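Structure first, then comments.
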Amino acid sequence: MSLFLSAAAVSIACSVCLIVFPVSAAQPASWSAPHAPVRLGERTWYVGTAGISVLVVRGEAGSILLDTGVPASAEAVLANLDAVGVRPEDVKAIVTSHAHADHVGAIAAIRARTGARVHALEASASLLADGGRNDLFFGDDLPYPPAEVDVRIGDGDAVTVGDVSLRAHATPGHTPGSTTWTWADTVEGKPVTMVFADSLTAPGYRLVDDPRAADTVAQFRRAFATLRALPCDVLVTPHPEASGLFERIEAGTLIDATACARYADRTEAALDAQIAKQAAE
Ligand SMILES: [Zn+2]
């Protein structure tokens, strides 16, 4: 199933704006371009595409999938899972960063193929059930096949499958249901906290003189504080380039206890600049 998006809608939806849009395509080519799986930790693999992160955390009783990519990515993600030894029936739970088409577009298809249960915060569950429609800022511009949510969770809750447990941290702003996930893993023999930190951008959002703005800006402030306070050894973001994931892997600097705080600092500075610019208009 393909996304029917205008180039304009996609350009404001992208959370990093260095992406080059192919003239003939409705979304950046990297979002659906295949990428080989990358092992990030003893039990954590990157199984996404070149431009959209999808992670799987493997355990003895099954695996948990974080995000699914665009609607057209379902087969590529399942192939990457297969390549790392995860069969569809091994995926027992699916969790999400936020309910935009580029990260959860394939969630209905992958839920159907795996039989996994989707877990989400209430604010994310409603956007998933609407297939991205009624989005606070994008309206009905970024639809995808709707997905049922099997388990509604709260901020701070854990999603557990056997010996794998992921904790949800509400980091709203980019969407009201934006969620950051943490879990324990081992990298190079060291116990680490892995962090899948949600997007902290406000792409095209009006943040000044808009009834939605005050709440959204306050939510972002809380999200930045939450991120700075998290234990954080290995940072992954839904758009890998938002945290230089592949460059850090290449450089051998994946473990970095300052990564989450620096990510929060960088995105908060961008938000402040966006607010100042809009206030001056
Ligand atoms: Zn988004």
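Could you give the accessible area per residue of the chain, probe 1.4 Å, as a whole number in Å²?
Here the per-residue accessible area is 41 Å².
Please get the size of the charge dipole for the chain, origin at its Cα centre, with Cβ charges of +1 on Lys and Arg and -1 on Asp and Glu, quoted in debye to the nearest 20.
160
Evaluate the relative contact order of the chain (contact order divided by residue number), counting alpha-carbon pairs under 8 angstrom at least 6 apart; express in whole percent.
Averaging sequence separation for qualifying contacts and normalising by length gives 15 percent for the chain.
Which order do the peptides 185-191, 162-168, 79-85 take when ranked by the mean count of other beta-carbon atoms within 10 Å per residue, highest first?
The most tightly packed comes first, giving 162-168, 79-85, 185-191.
Would you calculate the convex hull of the Cα atoms in the stretch 204-250 and tell me its volume per residue in Å³?
So the per-residue hull volume is 87 Å³.
Tally up the carbon and sulfur contribution to the accessible surface of the chain as a whole percent, 1.4 Å probe, everything protein left in place.
55
What ranking do 273-280, 146-153, 96-103 get when scored by the average of other Cβ atoms within 10 Å per residue, highest first?
Per-residue Cβ counts within 10 Å, averaged per peptide and sorted highest first, yield 96-103, 146-153, 273-280.
Report relative contact order for the stretch 130-254 in percent, whole number only (criteria: Cα-Cα under 8 Å, sequence separation at least 6).
Relative contact order comes out at 18 percent.
Taking a ≥ b ≥ c as the square roots of the eigenvalues of the Cα gyration tensor of the stretch 33-109, is the shape rounded (a/c under 1.5), prolate (a/b larger than b/c) or oblate?
Taking the square roots of the gyration eigenvalues as a ≥ b ≥ c, the stretch 33-109 is prolate.
Would you work out if the stretch 136-281 is rounded, prolate or oblate? Take a ≥ b ≥ c from the square roots of the eigenvalues of the alpha-carbon gyration tensor; rounded if a/c is under 1.5, else prolate when a/b is larger than b/c, oblate otherwise.
oblate
Classify the chain: rounded, prolate or oblate, from the alpha-carbon gyration tensor (a ≥ b ≥ c, eigenvalue square roots; a/c under 1.5 rounded; otherwise prolate if a/b is larger than b/c)?
rounded
The values are calculated or read from the model by the stated rules, or taken from the named source; none is laboratory data. It should be emphasised that the depicted structure is a prediction, and the values quoted were computed from it without experimental measurement. Neighbour counts run over all protein chains shown; Cβ positions are idealised from the backbone, glycine included. The area values use the complete protein model at the heavy-atom level, side chains included, leaving out ligands, DNA and RNA. Shrake-Rupley method; radii C 1.70, N 1.55, O 1.52, S 1.80 Å.
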